[in-house]
Amino acid sequence: MADKKGKPGEAEAPPPQKGEKDPEEPKKKSEQPKDEVGTRKGCRRYKWEFKDSNKEFWSVGHAEVKLISLACLIGSLVMFTGSTVHPLLTLIITMEISIFIFFFIIYTFAIQRYLPFILWPISDLLNDLFCCGFLVGAAVFALRSRQTVPTNYLAAVVFLCVAALFALVDVCLQKKHFKGKKIKRNVLVPPPPKEPEKPVAEVKPVDAEKKKEAGKPKEAKAKGAAGAKGGKK
């Protein structure tokens, strides 16, 4: 068989040198760690943050507890509609429902990962504490403001107490975020003042000249002694 020859006038492409990448090779994606963000950017980072945030939100138990509290608050609001209720109770229930929905959206769409200047575990912890206090106070106020308590009214108060209980459970779950973290002490204490550096004493030219003059008589005496010895010989 005849060897294949290129067309005349066409130069063969030089072979790629060592260390140079072949331009036809597709770029490989850098391998990223599964437990950390790594160097992901853009959509790749948001996908990882979305999955990791939902995994943490549902696996620890925050999502389940918040859903139960939210369902109890909605149930109490529905039960209160069948009877005359003080507007303060309706205000407290709707406020807590909106706050629970807010935190649920924040954790579900991983918005807290892009707002690191807010201490989200502490804010969620404070929200649960205030929610528990407000709901317990609302239940006590609801029972004291009525002389006769119908069945649906009593059921609404029970739902309020259950929601407050699960808010307290969420406070206990928040402790996992603070385990193994030591408090940094003396953070606001200013550092000790630095001692001023002592200036290096510079050799004055007058002292140098005096040393040279002091050395000259010794050299003259040495030369004179050498001459005297030569004369005696």
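Values in this text are rule-based calculations from the coordinates and carry no lab data. This is a predicted model, so every value here is computed, not measured. When we count neighbours, we look across all protein chains shown, and the Cβ atoms used for this are built from the backbone with ideal geometry, even at glycine.
Things to note:
- Reported to the nearest whole Å, the Cα centre-to-centre distance from the range 45-82 to the range 113-154 is 15.
- Cβ-defined net charge surrounding ALA164, 14 Å radius [Lys, Arg +1; Asp, Glu -1]: -2
- Spin-label pair LEU154/VAL169, simplified geometry with 7 Å Cα→Cβ offset, distance in nm: 2.4 nm
- Cα-centre dipole for the range 40-137 with unit charges at Cβ (Lys and Arg positive, Asp and Glu negative), debye to 20: 680 debye
- With the convex hull drawn around the C-alpha atoms of the range 34-107, the volume per residue stands at 89 Å³.
- Per-residue HN-Hα couplings for the range 74-82 [Karplus 6.51, -1.76, 1.60; θ = phi - 60°; Hz; x = Gly/Pro]: 5, x, 5, 5, 5, 5, 6, 5, x
- Segment THR108-SER123, length gained on full extension (0.36 nm per residue, minus Cα span): 3.8 nm
- Each peptide in 134-146, 69-81, 110-122 receives the mean, over its residues, of other Cβ atoms within 10 Å, and ordering these scores from highest gives 69-81, 134-146, 110-122.
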